[in-house]
Amino acid sequence: MKQLLTLMLILFPASLLLMSQTGPAQGKLKESIDRGNMVYIQRCLSCHLINGTGISGVNPSLVHNKTALGATEPLVNIIVKGMPAGTEIDGVRYNNAMAPAPDMTDLQIADVLTYVRNGFGNNAKMITEAEVKSARAKLK
Amino acid sequence: MKQVHYFAQLAVGALLSLLSACGNTNTKTSGADSASTTKDTASAESNGDVTIKLPEGFHAVVFADGLGKARHLAVNSNGDVYVKLEKLKNGNGIYRLRDTNGDGRAEDISGFGNFAGTGIAIKNGYLYASSDEEVFRYKLDANNNIVDPGKPEKIVTGLLAHGEHEAKAIALDNDGNLYVNIGAYSNACQVKDRSIGSPGMKPCPILDSAGGIWQFKADKADQTYKDGVRYATGLRNVVGLDWNTATNSLFVMQHGRDQLHDLFPDLYTTKQSAELPAECMYELHKGSNCGWPYIYYDQFLHKKILAPEYGGNGKKTAGNDAQDPVYAFPAHLAPNGLLFYTGNKFPEKYKNGAFIVFHGSWNRSPEPQMGFEVAFLPFANGKPSGEWSVFADGFSGGPQETASGQVKHRPCGIAMAPDGSVYVSDDEKGTIWKISYTGK
């Protein structure tokens, strides 16, 4: 728990911008981002790093990443099935494999995607649990 | 909980301003690490967009830049520098850099070789270079030009490259042998790579065709696995390697395993995961076994520890059949270059010592990242004779760049020139520095 708290302290600036937004529509978004923050710490941080930048040629950046800000289905696919080492994105090859995470729940996936899409200077629409569920059903 | 959040917000803000304030102060007093100060002095300007910090009497100049993913280097007897690129530039995978007027910069730059890769070396009148699956060689003529840049001879073919640890670093001995790293396409030989709860495979099937150093004949065409010898095994991935002429043996730097905490959060804290295992230097002989994936080396306990994928708990020792490292460096620094200094131009303590190029870490998070430097380890009588120290630093652009891993340059390869200077490459922007000693 102490470690988790330390990490939250470090990660907190990412969500500062969102904290300043108010109104009922923001309530659910904020809750999802907060939960997504915790998922990110446990499952994503060690490779994509605290500020989402990854490391060039090793793990891709999530900052203004077209895929991360794009359609739900490819994103769910990447999280559930992972990505092979050597994948090329926008002409840059990344040498680390991304492990598949089939154990993650629809809600965890929705939350972490929403966190990434609204953190690190990104601004893309929230992804809901229902959207993940529907995208996941189409995978195989 | 909410109160904790707001307090955290304030604390982080205060910490950040403090950090940036400290950064500024450091920059002003040391005159290093800042783009704004690099314009002030001639020596800083000659280092390009960063200031390379070196021991007194050493100087670095940019020999060439803009080469892209510049990996390993080889220097010919006439001073020509050959650079291997991991990504083709204008269709070329090798560049020859020639300083025609002796001003310390390359003016005559020419490219050839339509394959990307990492390994390059010069031996007995041939330039050897590797892709991720093959090794080629080019004949050099009496005037030190490549005889036919369009037609290299294929020496080795059909080596495994599965995307992870695919670089085929090479070295040659003085008895007509070529050594090729074939990295393991895995972190710790789990059934599912880097997946929580996935067990380690026993025996690890990867070791049959990767996870070691293979030996081939330096002058025989079209060799593949059946023609080569698995010279050493149990090496996860080697990028930095060099034939040590003082011991007449191959030395390698292993890239140690990643993600102990991610994969085993109950056994390792994030801090332990950032600090373990050591990046190890090994001296190899035919039949050497360095223990991967079954063990890793804990540099604090000075012991080989059973990997958690194979039932380890961070304390159980194992690997009686595996050799100990010659030296253990901090974790995750990613040693990509190794050079035993045989020149006479550096001060005496450098003679026969090892320069290790640390490409820099990605997996020490949430601890600060480290590396992005050239280290030196002194040797006497074929063994390390002291502790390591940083030799060349500043490639990243500064302490904050190093900590975040968002760096300006990532040093990768190193080679010695006939005049006793050394060249260091960078595979972030493709800058090549020449480092010389003047004593002044």
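Scan region B:327-344 and tell me whether some residue there is over 21 Å from residue B:364 (Cβ atoms) and either in a helix (DSSP H, G or I) or of a type in the set (D, E, K, R) (or both). Checked region B:327-344: no residue is over 21 Å from residue B:364 (Cβ atoms) and either in a helix (DSSP H, G or I) or of a type in the set (D, E, K, R) (or both).
Condition (residue is within 14 Å of chain A (Cβ to nearest Cβ) and of a type in the set (Asp, Glu)) applied to region B:304-323: is it met by at least one residue? Steps first, answer last, please.
So the first thing to find is which residues in region B:304-323 are within 14 Å of chain A (Cβ to nearest Cβ), and the list is B:309.
Subsequent filtering for residues that are of a type in the set (Asp, Glu) retains B:309.
Yes, the conditions are met somewhere in region B:304-323.
When the residues of region B:162-219 are narrowed to those that are touching a strand residue (DSSP E or B) at 6+ places or on another chain (Cβ under 7 Å) and of a type in the set (Val, Ile, Thr), which ends up nearest to the other protein chains (Cβ to nearest Cβ)? Only one residue tops the list, namely B:182.
Pairs linking a residue in region A:63-81 that is within 23 Å of residue B:196 (Cα to Cα) to a residue that is open to solvent by 30 Å² or more (accessible area, probe 1.4 Å), with Cβ atoms under 6 Å and 6 or more positions apart or on different chains, are A:76/A:136; A:80/A:102; A:81/A:100. Scanning region B:150-194 for residues that are among the β-branched types (Val, Ile, Thr) and crowded, with 23+ Cβ neighbours inside 10 Å yields B:155, B:156, B:170, B:180, B:182. Listed by first and then second residue, the pairs linking a residue in region B:383-402 that is under 24 Å from residue B:353 (Cα atoms) to a residue that is of a type in the set (S, T, N, Q), with Cβ atoms under 8 Å apart and 6 or more places separating them unless they lie on different chains, are B:394/B:47; B:394/B:51. Inside region B:88-100, residues that are open to solvent by 50 Å² or more (accessible area, probe 1.4 Å), out of contact with any Asp or Glu (no Cβ under 9 Å at 6 or more places or on another chain) and free of Cβ contacts under 8 Å to residues at least 40 places away in the same chain make up a count of 2.
Has region B:360-374 got at least one residue that is of a type in the set (D, E, K, R), open to solvent by 10 Å² or more (accessible area, probe 1.4 Å), free of Cβ contacts under 8 Å to residues at least 24 places away in the same chain and farther than 16 Å from residue B:60 by Cβ?
Narrowing region B:360-374 to residues of a type in the set (D, E, K, R): B:364, B:367, B:373.
If we keep only those that are open to solvent by 10 Å² or more (accessible area, probe 1.4 Å) too, we end up with B:364, B:367, B:373.
Among the residues that remain, those that are also free of Cβ contacts under 8 Å to residues at least 24 places away in the same chain are: none.
Among the residues of region B:360-374, not one is of a type in the set (D, E, K, R), open to solvent by 10 Å² or more (accessible area, probe 1.4 Å), free of Cβ contacts under 8 Å to residues at least 24 places away in the same chain and farther than 16 Å from residue B:60 by Cβ, which makes the answer no.
Looking only at residues in region B:76-99 that are touching a strand residue (DSSP E or B) at 6+ places or on another chain (Cβ under 6 Å) and under 24 Å from residue B:371 (Cβ atoms), the one that is modelled with the lowest pLDDT is B:86.
Each residue in region B:53-68 was checked for being open to solvent by less than 40 Å² (accessible area, probe 1.4 Å) and under 25 Å from residue B:94 (Cα atoms), and 6 of them qualify.
Let's see how each residue does on (1) open to solvent by 20 Å² or more (accessible area, probe 1.4 Å); (2) touching a Cys at 6+ places or on another chain (Cβ under 6 Å); (3) modelled with pLDDT under 95; (4) assigned to a loop (DSSP other than H, G, I, E, B):
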site	(1), (2), (3), (4)
A:75	no, no, no, no
A:93	yes, no, yes, no
A:100	yes, no, yes, yes
A:107	yes, no, no, no
A:115	no, no, no, no
A:120	yes, no, yes, yes
A:123	yes, no, yes, yes
A:126	yes, no, no, yes
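Of the residues screened, residue A:76 is one that is more than 8 Å from chain B (Cβ to nearest Cβ) and of a type in the set (Val, Ile, Thr). Evaluation of residue A:64 against the conditions (1) out of contact with any Leu (no Cβ under 7 Å at 6 or more places or on another chain); (2) on the phi > 0 side of the Ramachandran plot; (3) open to solvent by less than 60 Å² (accessible area, probe 1.4 Å) shows that the sole unmet condition is (3).
Apart from one condition, residue B:403 fits all of (1) modelled with pLDDT under 95; (2) more than 19 Å from residue B:52 (Cα to Cα); (3) of a type in the set (A, V, I, L, M, F, W, C); the exception is (2). Counting only residues that are open to solvent by less than 40 Å² (accessible area, probe 1.4 Å) and more than 23 Å from the chain's Cα centre (by Cα), which one in region B:266-283 is nearest to the other protein chains (Cβ to nearest Cβ)? Ranking the candidates gives B:270 first. Taken together, the residues in region A:26-61 that are open to solvent by less than 40 Å² (accessible area, probe 1.4 Å), more than 14 Å from chain B (Cβ to nearest Cβ) and without any contact (Cβ under 8 Å) to a residue 40 or more places away in the chain amount to 1.
The values are calculated or read from the model by the stated rules, or taken from the named source; none is laboratory data. Here the structure is a predicted model, which is why all the values come from computation and not from measurement. Every residue, glycine among them, receives a Cβ derived from its backbone with ideal geometry; neighbour counts consider all protein chains shown. With ligands, DNA and RNA removed, areas are computed over all heavy atoms of the protein, side chains included. Shrake-Rupley method; radii C 1.70, N 1.55, O 1.52, S 1.80 Å.
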